[in-house]
Amino acid sequence: MTPDIREDSLLVAVLDGIIPPTGNLPGAGGLGLVSELQRMSRDHTKYEDVVPRAITVISRSLDSGEPDSREVEQAIREFEAADPKDFARFLEIVYLAYYSDPRVYDRIGWRTGPLQPEGHPMPPWDESILETTKKREPFWTRVE
Amino acid sequence: MTSVKTREPVDVLVMGSGASGAAVTWSLSAGGFKVVCLEQGPWVPPSSYPTNSADWQYLQRTTWDYSPNVRKLPADYPVNDEHSQIKVVMYNAIGGSTIHWTAHVPRFHPSDFRVKSLDGVAEDWPISYFDLEPYYDLNDEMMGCSGINGDPANPPRSPRQMPPLPLGPDGERMARAFDSLGWHWWPSDSHVNSTEYRGRQACNYCGPIGLNCDRGARASSDITYLPDAIKLGADVRPNSTVYEITTGPDGRATGANYYNSKGEQEFQPANSVVVAGNGIGTPRMLLHSRSRIHPNGLANSSGMVGKNLMFHVYAGATGLFNDLGSPTYRGPLANIIMSQEFYETDPSRDFKRGYTFQVGRGQGPAPTAIGNVPWGKNHHVEFDQRFGKTMGLGAIGDDLPEEINRVELDTKQTDRHGIPAPKITYRVSENSKRLLAHGVKSARKVLEAAGAHRIFENPFSTNTGWHLMGTARMGDDPGRSVVDRFGQSHDADNLFIVDGSVFVTGAAVNPTPTIQALALRTADYIRHERMDLKS
Ligand SMILES: Cc1cc2nc3c(=O)[nH]c(=O)nc-3n(C[C@H](O)[C@H](O)[C@H](O)COP(=O)(O)OP(=O)(O)OC[C@H]3O[C@@H](n4cnc5c(N)ncnc54)[C@H](O)[C@@H]3O)c2cc1C
């Protein structure tokens, strides 16, 4: 069973440490991504317990009480160094949740919604670009 | 004891419905053969394509991941690639790995069939480029090819069905960079529609080709060969997993035992069997089909089944640009241009054979960030420098065969039916390492010439085992090869292999047009020379 992800101050601080606020946009912690992280963890075994495990490991490097952002950053670094594979998976799900958020799309200029059916316009194929390359003599090796 | 139901006999049983299995199924059905195609995966409904979902980035990393070990869908068998420096990727469904492919379709060069004679490495093929040429052409017609004739790096060829896909300002920038160095480039041949073709719409350039679209703009065998094959009478059975190719007392194939969609065991008798399970799935099934007459696995009297695994080796570089005019995530991901400046052997270089450059675009937000953008204080600056502003060059290197690179049956892992998983052993050769080092240096030069302000080198890619080749190679010598020049087993004259397993060498291009051309050639051989297999 997928364990629950608790939206506590440590989780928010860790997520903000991973992707900090920028301009008017809160960091990954302040955006309120917990329900999205929970869904992503539940929908595929790949991410099943990635977030709670990460938070448990990170919390072990911290004293009790409210850690400041420098301490959180240091604890994240320790996790990254100790277990690069687990850390990469944690980073992946955080990036996925953050970069699926419409408020983030607004900031970076990405269209919300599915890729289809809109696609993107492109200028048509223009053969004049071949002018130089097509002048070259054939250079493939001739064999029977 | 479980009772095994026996189905009506057929002329040909095809295992696998991917690029090669679908082509054979179509051609033999067109030739009037009664064909059953058994495929372990399901039909993939267009409604499930990730491009229809706002959640496509998540799907791309889970149920649509390239790796069966990540996806873990019911049709996927695990692949033990712990001892492989390159990780295996594939798709198991009607359409096989063409459900996922990028459809970049260059052809082998004539020299690729003669590497022993020309360069003293590996083996020559028992056939030539020109033996395959008509089948390359037929395959282009079936799949629909966008491209243009006149490439000086390749022999002249028939006109493509559609003009090239547009290069876009980013692609043109790269083309000019190659021009400025005096290096070859040419628009990619792609099985992606630049105009409407046979009822499938033109590409609308949404980006990641491998996630499919309702437009059917990118060809895959489930929407090209198979609908035509079914119209011609082929019986394509999804969710049907072959666990044994059966043989008679004379050692010839008699059909296959398989699990049907309800998980029940059935026997499908056939006059002949065509194996098209890809370069991993095929040796797996041959090795698993042991019998008294074939104690080391079917078609394996040479001991070559599973040996000589080739993947293609990949390396390259990515450049960051400030001035490309339009975001680089607009347009087909890697169907732009290719360069074969360093394709053929050059004695002045410290490696044999060579590589193709394939140019790639930037991607959507999450794929841009994952694996590339650091976390923490600099995250946004680094992301903004990359997003929509990267162009990449991948060097696809000729991966010469070595017997130690191999597929075996795993002694522990199995699929859901208890069939042993394949175990892969693969290490990158010294020749490949030198070739890739050259590729990285050259990629940097191109990106510099194109005006990149930052360049990241990628000395070696690991998750790129998408070209599966060599594990049941063809040859004239039954002691050193598994099948003959027509894909017919040396050990059983009614058993054929048509996927990338039969490759003698891998060349330095994406392999699928060659796989499909070989499959069509084998089918043609059966149609014309093996009428005895028709009831
Ligand atoms: C992400 C990705 C990108 C790619 N891009 C390109 C590209 O741009 N250009 C290119 O040339 N190639 C590309 N390829 C490779 C291309 O997809 C393969 O070369 C091609 O599909 C191989 O065809 P095949 O018929 O040998 O095997 P597949 O297409 O893999 O089909 C094999 C089928 O056999 C079935 N099967 C296996 N075992 C059994 C069994 N026991 N019972 C029943 N069924 C079985 C499998 O389920 C599968 O559907 C790409 C592949 C991937 C994964």
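The values are calculated or read from the model by the stated rules, or taken from the named source; none is laboratory data. Computed from a predicted model, the values in this text were never measured in an experiment. In this analysis, Cβ positions are derived from the backbone assuming ideal geometry, glycine residues included, and neighbour counts consider all displayed protein chains. Note: areas computed on protein heavy atoms with side chains; ligands, DNA, RNA excluded. Shrake-Rupley method; radii C 1.70, N 1.55, O 1.52, S 1.80 Å.
Here are some notes:
- Within region B:137-171, the residues that satisfy the criterion of being surrounded by 20 or more Cβ atoms within 10 Å (Cβ to Cβ), within 9 Å of another protein chain (Cβ to nearest Cβ) and over 25 Å from B:G199 (Cα atoms) are B:D151, B:A153, B:N154, B:G168, B:G171.
- Selection status of B:D493, open to solvent by 10 Å² or more (accessible area, probe 1.4 Å) and more than 20 Å from B:A299 (Cβ to Cβ): no
- Members of region A:26-49 that are within 12 Å of another protein chain (Cβ to nearest Cβ) and open to solvent by 40 Å² or more (accessible area, probe 1.4 Å): A:E36, A:R39, A:R42, A:D43, A:T45, A:E48
- One residue stands out in region B:231-260 among those that are of a type in the set (S, T, Y) and within 12 Å of the ligand (Cβ to nearest atom): the one that is farthest from the other protein chains (Cβ to nearest Cβ), namely B:Y258.
- Checklist (1) touching a strand residue (DSSP E or B) at 6+ places or on another chain (Cβ under 6 Å); (2) under 23 Å from B:M90 (Cα atoms); (3) hydrophobic (A, V, I, L, M, F, W, C); (4) assigned to a loop (DSSP other than H, G, I, E, B) applied to B:A299, failing item: (2)
- Any hit, region A:91-103, residues being small (G, A, S) and either at pLDDT below 95 or surrounded by fewer than 16 Cβ atoms within 10 Å (Cβ to Cβ) (or both): no
- Residue selected from region A:104-141 under the condition within 22 Å of B:E344 (Cβ to Cβ) and more than 7 Å from chain B (Cβ to nearest Cβ), by the criterion least open to solvent (accessible area, probe 1.4 Å): A:L130
- Cβ separations smaller than 8 Å between residues 6+ apart or across chains give the following pairs from region B:69-98 residues that are of a type in the set (D, E, K, R) to residues that are assigned to a loop (DSSP other than H, G, I, E, B) and within 12 Å of the ligand (Cβ to nearest atom): B:R71/B:W64; B:R71/B:D65; B:D76/B:N92; B:D76/B:D415; B:D81/B:K87; B:K87/B:S67; B:K87/B:N463; B:K87/B:T464.
- Taking each residue of region B:208-225 that is at positive phi and looking for partners that are among the charged types (D, E, K, R) with beta-carbon atoms closer than 8 Å, six or more apart or interchain, yields B:N212/B:R218; B:G216/B:R200.
- For the criterion of being at pLDDT 95 or above, of a type in the set (A, V, I, L, M) and part of a helix (DSSP H, G or I), B:V373 fails.
- Residue in region B:435-447 that is surrounded by 19 or more Cβ atoms within 10 Å (Cβ to Cβ) and either within 15 Å of the ligand (Cβ to nearest atom) or within 26 Å of B:G306 (Cα to Cα) (or both) present: yes
- B:P68 vs. criteria within 30 Å of B:E403 (Cβ to Cβ) and either within 14 Å of another protein chain (Cβ to nearest Cβ) or touching a helix residue (DSSP H, G or I) at 6+ places or on another chain (Cβ under 7 Å) (or both): yes
- Residue count for region B:476-518, restricted to those that are away from every other protein chain (no Cβ under 14 Å) and within 16 Å of the ligand (Cβ to nearest atom): 23
- Checked against the criterion of being away from the ligand (no atom under 13 Å from the Cβ) and under 18 Å from B:G21 (Cβ atoms), region B:272-292 has at least one qualifying residue.
- Single residue of region B:9-51 satisfying the filter (within 14 Å of chain A (Cβ to nearest Cβ) and of a type in the set (S, T, Y)) that is most open to solvent (accessible area, probe 1.4 Å): B:S47
- Filtered by the rule that a residue be facing chain A (nearest Cβ under 10 Å), under 21 Å from B:T318 (Cα atoms) and within 23 Å of the chain's Cα centre (by Cα), region B:172-204 gives B:W185, B:W186, B:P187.
- Subset of region B:83-141 [within 13 Å of the ligand (Cβ to nearest atom), in a loop (DSSP other than H, G, I, E, B) and within 23 Å of B:D484 (Cβ to Cβ)]: B:R107, B:F108
- Criterion (outside any helix (DSSP H, G or I) and either free of Cβ contacts under 8 Å to residues at least 60 places away in the same chain or under 18 Å from B:S302 (Cβ atoms) (or both)) met by exactly one of B:S461, B:S535, B:S481, B:S501: B:S481
- Any hit, region B:20-32, residues being among the aromatic types (F, W, Y), within 13 Å of the ligand (Cβ to nearest atom) and within 25 Å of B:I419 (Cα to Cα): no
- Meets criteria (more than 22 Å from B:R71 (Cα to Cα) and assigned to a helix (DSSP H, G or I)) for A:V14: yes
Residue by residue, here is whether (1) over 23 Å from B:I86 (Cα atoms); (2) in contact with a Ser or Thr (Cβ under 8 Å, 6 or more places away or on another chain); (3) open to solvent by 10 Å² or more (accessible area, probe 1.4 Å) holds:
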| site | (1), (2), (3) |
| --- | --- |
| B:S301 | yes, no, yes |
| B:H312 | no, yes, no |
| B:G316 | no, yes, no |
| B:F321 | yes, yes, no |
